[in-house]
Amino acid sequence: MIHSVKGMRDILPPSSAVWNEVEAAARRVFARFNYREIRTPILEETALFARSVGEETDIVSKEMYTFEDRDGSSLTLRPENTASVLRAYIEHRLDQQPGLQKLYYIGPMFRRERPQKGRYRQFYQIGAEAIGSDAPAVDAEVIELVVAILREVGIEGFELLINSVGSKKSRARYNDALREQLKEVAGRMCADCRRRAETNPLRVLDCKVPEDQPIIEQLPSILDFLDEPDKEHFRRVRELLDDRGITYAVKPRLVRGLDYYARTTFEITHGALGAQNAILGGGRYDGLAELLGSKVPAPGIGYSIGEDRLVMAVEEGQTLRPQALDLYIAPMGDTALRHCAVLAGEIRRLDLSVEVGTDRKLKRMLELANKLQARFTLIVGDNEMVTQTYALKDMLSGAQETLSRQALVDRLSRAK
């Protein structure tokens with residue numbers, strides 16, 4: 001028997017209905033904030049991610065699905081989508097369009113991580129990017145947007161963590177300070193941290209090894225190394241969040257796992273997810289467009305929600321039930337089956353769900369109607385076909401009505 005690949009999974013009913021509800025809720029919120037959808041390929045040139053995400057990140061060094069194509073080029077299944085969106089922004093000259101480019105995406109990403117609760121090797125993200133401005137007001141609105149999505153799907157009790165990793169100059173000073181202090185303590189840390197202490201000290205703060213956390217807590221705070229423009233930018237972001245009534249906690253060691261972040265970074269956690277409790281993260285990436293070859297500066301900020309984890313949190317708060325059926329039609333014989341197929345098509349055009357039974361025994365069909373939680377049932381035999389009248393049974397109340405064909409359609413239309 002062939003099974004699904006390790007770390008990848010099938011999403012089955014009724015859970016798939018929750019996924020659809022979550023995505024529909026996100027699309028409603030995106031529309032309110034004037035975001036438009038972008039769809040990028042799941043395959044990109046490997047250089048796109050190596051250059052943008054960072055050679056020393058776990059994503060690039062350990063987790064990407066990379067292979068050589070038949071023409072010798074190196075391709076990678078996208079591990080995240082910000083780099084792809086920026087590539088599309090540059091390639092298609094979206095900077096020539098009026099105003100801030102506000103784009104969202106929903107789709108699968110791929111990383112070869114260790115599978116665990118809420119974490120898969122094919123996982124899904126709901127994300128957004130606002131490109132074309134470095135204003136603190138854009139940062140605050142992006143955070144407001146993601147909070148709105150969580151509330152739209154019924155998530156409460158989450159915690160927003162924010163930080164600033166500064167601009168390039170501030171980060172360079174901080175990296176120097178980190179490198180110096182790590183010389184004294186790196187020998188007591190994991191192998192990855194010892195390597196990062198030399199190559200990219202900021203990535204040490206990403207370490208998830210429990211034994212290393214007390215050491216990391218004693219390292220310098222990046223907030224002490226921000227220059228005045230960076231401090232003012234972060235102050236304004238916090239001020240604008242305060243204006244919106246959005247509560248947050250400043251976490252000085254929140255740097256996120258990607259090298260392209262600059263200034264504002266943020267993360268939202270939720271208790272329903274256990275130890276791996278981050279439900280989303282994001283930040284500003286001023287300078288990334290130029291790194292990818294753009295001749296025009298394109299400062300931006302974005303985030304991605306882990307949809308697998310978001311759905312898990314939504315499911316924690318509700319009991320999943322099969323999707324209810326509007327009408328079950330039980331035809332009595334082959335001739336009635338042909339008649340019911342046409343009738344079902346007419347009723348489906350009302351945007352109602354209809355199932356036509358195919359069993360020879362009426363009892364079995366009615367039992368199935370109950371299991372499918374049908375709102376109404378209709379039994380159609382020779383008499384109904386001749387008279388064009390139908391006995392419609394309301395499965396909730398038990399009431400039964402005899403209706404003409406047009407009256408049946410009208411009655412079901414009102415029940416939507």
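The values are calculated or read from the model by the stated rules, or taken from the named source; none is laboratory data. Since we're looking at a predicted model, the values are computed, not measured. Backbone-built Cβ (ideal geometry, glycine too); neighbour counts: all protein chains shown. What goes into the accessible areas is simple: the full protein's heavy atoms, side chains included, and nothing from ligands, DNA or RNA. Shrake-Rupley method; radii C 1.70, N 1.55, O 1.52, S 1.80 Å.
Residues in segment 3-62 that are open to solvent by 100 Å² or more (accessible area, probe 1.4 Å) and outside any helix (DSSP H, G or I): HIS3, LYS6, ASP10, LEU12, PRO13, ASN34, ARG36, ARG39, GLU45, GLU55. The set of residues from segment 114-131 being of a type in the set (D, E, K, R), open to solvent by 30 Å² or more (accessible area, probe 1.4 Å) and not in a strand (DSSP E or B) comprises ARG114, LYS117. Selection of segment 63-99 for residues being among the hydrophobic types (A, V, I, L, M, F, W, C) and open to solvent by less than 60 Å² (accessible area, probe 1.4 Å) yields MET64, LEU75, LEU77, ALA83, VAL85, LEU86, ALA88, ILE90, LEU94. Counting only helices (runs of 4 or more DSSP H) that sit completely within segment 263-362, zero hold 2 or more residues that are surrounded by 23 or more Cβ atoms within 10 Å (Cβ to Cβ) and modelled with pLDDT of 95 or more. Flag set for ASN163, criterion: crowded, with 17+ Cβ neighbours inside 10 Å, in contact with a helix residue (DSSP H, G or I) (Cβ under 9 Å, 6 or more places away or on another chain) and under 28 Å from PRO299 (Cα atoms). Of the listed requirements (1) at pLDDT 95 or above; (2) of a type outside the set (Ser, Thr, Tyr); (3) over 20 Å from ASP227 (Cα atoms); (4) crowded, with 24+ Cβ neighbours inside 10 Å, GLY245 misses just one: (4).
Within segment 69-91, can one find any residue that is in a loop (DSSP other than H, G, I, E, B), closer than 30 Å to ILE155 by Cβ and of a type in the set (Val, Ile, Thr)? For segment 69-91, residues in a loop (DSSP other than H, G, I, E, B), closer than 30 Å to ILE155 by Cβ and of a type in the set (Val, Ile, Thr): absent.
Regarding segment 331-347, can at least one residue be identified that is under 23 Å from the mean Cα position of the chain (by Cα) and of a type outside the set (Phe, Trp, Tyr)? No, there is no match, as no residue in segment 331-347 is under 23 Å from the mean Cα position of the chain (by Cα) and of a type outside the set (Phe, Trp, Tyr). Can you work out which of the residues in segment 186-200 that are at pLDDT 85 or above and part of a loop (DSSP other than H, G, I, E, B) is least open to solvent (accessible area, probe 1.4 Å)? Filtering first and then ranking leaves MET189.
Selection over segment 358-392 of residues that are among the basic types (Lys, Arg) and in contact with an Asp or Glu (Cβ under 8 Å, 6 or more places away or on another chain) gives a count of 1.
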